[in-house]
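In what follows, a structure is listed as structure tokens, so that the remarks can point back to it.
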Amino acid sequence: MDNSLVLIVEDEPAIAQILEGYLTRDGFRTVRAGDGETALQHHALLKPDLVLLDVRLPKLDGFGVLGRLRQASSTPVIMVTAVADDIDRLSGLRLGADDYIVKPFNPQEVVARVRAVLRRTQGERAEAIKRFGALEVDFGSYTVFINKDERRIALPLTLSEFRILAYMIRHPTQAFARADILDACLPESDALVRTVDTHISNLRRKLEEMGQIGFFPAVRGIGYRFSDPR
């Protein structure tokens, strides 16, 4: 993780300089971009390990940059904003961001978030493909496939649902507490642990619609496991 390259996309030089200083001191390499178009150019050329992306940018705003990045890349992105409307859009992280930070922020917290996101996403990328029965998890593309009747069908999952499935499938018979699932898969969320029940229910339903029965059984007094021992 040390020596990872962080692309700082921020149009306020003073803020960019502070972030650069803290990240560099913590062992990261950094490169800066002051607008959305330059950010895309740097990303294409330098292939950073993570993008720290301000929402309010000249030329192309942060949402536009994120959309372009997600068309062809799974590079982790942490969004930065001080605008309430942006926070509402980011709170569900439905746009493909891995985390978000609200201004004014503590630079040390930003560094901690960068480390947390890299730890999680690099762990996901360490194992490119995981198979379990008819299921195939592609960690690089954040996609789950069902291999059925000689067809490979993508399962339509939200980012949160993918994270939970990807986390639990690595240890399929282990019992996970709701709080552990929440901390590991939705660390940036203020959601209650019962939110996990909703995500698990949706995952179970989507798998059953594809003929995949018996996944995500409840474990009484604990939470859930991916699959019962066979």
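The values are calculated or read from the model by the stated rules, or taken from the named source; none is laboratory data. As the structure is a prediction and not an experimental result, all values here were calculated from the model. FYI the Cβ positions are ideal-geometry reconstructions off the backbone, even for glycines, and counts take in every protein chain you see. Accessible surface is based on the protein model in full, side chains and every heavy atom, while ligands, DNA and RNA are left aside. Shrake-Rupley method; radii C 1.70, N 1.55, O 1.52, S 1.80 Å.
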Working carefully through the options Thr38, Thr81, find the one that is more than 18 Å from Pro107 (Cα to Cα) and among the hydroxyl-bearing types (Ser, Thr, Tyr). Thr38
Look at Thr173 and say whether it is surrounded by fewer than 17 Cβ atoms within 10 Å (Cβ to Cβ) and touching a residue at least 24 places away in the same chain (Cβ under 8 Å). yes
Restricting to the stretch 32-81, what's the tally of residues that are part of a helix (DSSP H, G or I), aliphatic (A, V, I, L, M) and in contact with a strand residue (DSSP E or B) (Cβ under 9 Å, 6 or more places away or on another chain)? 6
Residue check, Glu188 surrounded by 13 or more Cβ atoms within 10 Å (Cβ to Cβ) and at pLDDT 85 or above: no
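Residue by residue, here is whether (1) over 17 Å from Arg205 (Cβ atoms); (2) open to solvent by 50 Å² or more (accessible area, probe 1.4 Å); (3) acidic (Asp, Glu); (4) modelled with pLDDT of 80 or more holds:
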| site | (1), (2), (3), (4) |
| --- | --- |
| Thr121 | yes, no, no, no |
| Gly140 | yes, no, no, no |
| Thr143 | yes, no, no, yes |
| Ile146 | no, no, no, yes |
| Ile153 | no, no, no, yes |
| Ser160 | no, no, no, yes |
| Arg163 | yes, no, no, yes |
Looking only at the stretch 13-45, which residues are more than 17 Å from Ile78 (Cβ to Cβ) and among the hydrophobic types (A, V, I, L, M, F, W, C)? Ala14, Ala44, Leu45
If Val193 satisfies all but one of (1) at pLDDT 90 or above; (2) open to solvent by 50 Å² or more (accessible area, probe 1.4 Å); (3) under 27 Å from Leu118 (Cβ atoms); (4) among the β-branched types (Val, Ile, Thr), what's the number of the condition it fails? (1)
Would you mention how many residues in the stretch 70-100 are modelled with pLDDT under 85, crowded, with 17+ Cβ neighbours inside 10 Å and over 13 Å from the mean Cα position of the chain (by Cα)? 3
Any residue at all in the stretch 210-227 that's open to solvent by less than 30 Å² (accessible area, probe 1.4 Å), over 18 Å from the mean Cα position of the chain (by Cα), touching a residue at least 60 places away in the same chain (Cβ under 8 Å) and under 25 Å from Gly96 (Cα atoms)? yes
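In the stretch 6-21, which residues are outside any loop (DSSP other than H, G, I, E, B) and either open to solvent by 70 Å² or more (accessible area, probe 1.4 Å) or more than 17 Å from Phe105 (Cα to Cα) (or both)?
Going through the stretch 6-21, the residues outside any loop (DSSP other than H, G, I, E, B) turn out to be 6-9, 13-21.
Across the stretch 6-21, the qualifying residues are Val6, Leu7, Pro13, Gln17, Ile18.
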Can you tell me how many residues in the stretch 41-57 are farther than 18 Å from Gln17 by Cα, open to solvent by 30 Å² or more (accessible area, probe 1.4 Å) and more than 17 Å from the chain's Cα centre (by Cα)? 5
Scanning the stretch 111-168 residue by residue, those in contact with a Ser or Thr (Cβ under 7 Å, 6 or more places away or on another chain) and in a loop (DSSP other than H, G, I, E, B) turn out to be Gly140, Ser141, Tyr142
Against the condition of a type in the set (Phe, Trp, Tyr) and under 19 Å from Arg115 (Cα atoms), how does Phe28 come out, does it pass? yes
Of all the residues that make up the stretch 22-31, how many are in a strand (DSSP E or B) and either of a type in the set (D, E, K, R) or open to solvent by less than 20 Å² (accessible area, probe 1.4 Å) (or both)? 1
